[in-house]
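Here is the structure we will look at, set down as structure tokens.
Coordinate-derived values only; no laboratory data. As the structure is a computational prediction, the values presented were derived from the model and not from experiment. Glycine also receives a Cβ, built like all others from the backbone with ideal geometry; neighbour counts cover every protein chain displayed.
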Amino acid sequence: MSIISRGFSGRRTPTDVQLPPGQYLTTDFPVLSAGPTPHVPLEKWEFVIDDGKNVLQRWDWKSFRNLPSETVTVDLHCVTRWSKLGTSWEGVSLDTLLADIKTDASYTLVRSYGDYTTNVPLKDLLNKQAWIAFRYDGQDLAPEHGGPARLLVPHLYLWKSAKWVRGVTLMHEDKPGFWEGLGYHIYGDPWREQRYSGDR
Ligand SMILES: Nc1nc2c(c(=O)[nH]1)N[C@H]1C(S)=C(S)[C@@H](COP(=O)(O)O)O[C@H]1N2
Ligand SMILES: [Mo]
């Protein structure tokens, strides 16, 4: 074999990769946070699923980490136009977390420590489309990227992947979260370029 660098032979390159419209590739991992990084000690951490009235399920860190987890490799698309491909995460799927819950709700509001929220239709959290991730690239998730744990819902713009996640509220009607209430799209599909509320 001749001298072909691995970068040319083995990996997707910017020219042959399909990016959502208006996105560019980046290889670093920018930090985007609307406020300060909340620091939640693991002894105090909990993840709660509720229906707006009652707690349906609650995990502390230990019981959460005893749930079966998965390693996934996904592409990230931020509404500020950077995309990062082939990122590797470990997390618990929302399928696992929602498995014992009977509900006729269609929407959710994902809630974070530090009061960030984002709305995601319930069906978008199911069928191996979303995880509560606690490891990135083989390491415990860094606080600035949402550690101890964040939502990872990579088929939507990255603002939906709530960092420092603390729970999910099941809802019968859709309700905007933090960025959605400030003019970002209620759903946020990067392939349909649903950046702002006026975009279809
Ligand atoms: N709790 C919380 N989650 C958040 C945010 C935030 O400000 N607070 N920013 C969102 C936005 S706009 C983006 S692009 C991603 C950025 O994730 P990163 O900082 O790990 O790149 O987190 C999302 N999740
Ligand atoms: Mo973002």
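Name the residue that is surrounded by the most Cβ atoms within 10 Å (Cβ to Cβ), counting only residues in region 181-198 that are closer than 20 Å to GLY35 by Cβ and without any contact (Cβ under 8 Å) to a residue 40 or more places away in the chain.
Taking the candidates together, the pick is GLY181.
Would you confirm whether any residue within region 70-78 is over 18 Å from the mean Cα position of the chain (by Cα) and either at negative phi or free of Cβ contacts under 8 Å to residues at least 24 places away in the same chain (or both)?
No; the residues of region 70-78 include none that is over 18 Å from the mean Cα position of the chain (by Cα) and either at negative phi or free of Cβ contacts under 8 Å to residues at least 24 places away in the same chain (or both).
Mind telling me which of the residues PHE178, PHE134 ends up being closer than 22 Å to THR37 by Cβ and in a loop (DSSP other than H, G, I, E, B)?
PHE178
Suppose we keep only residues that are charged (D, E, K, R) and in a loop (DSSP other than H, G, I, E, B) within region 155-175. Which one would you say is farthest from ligand 1 (Cβ to nearest atom)?
Checked region 155-175; the qualifying residue farthest from ligand 1 (Cβ to nearest atom) is GLU173.
Which condition number in (1) under 16 Å from the mean Cα position of the chain (by Cα); (2) touching a residue at least 24 places away in the same chain (Cβ under 8 Å) is the one that ALA142 fails?
The one condition ALA142 does not meet is (2).
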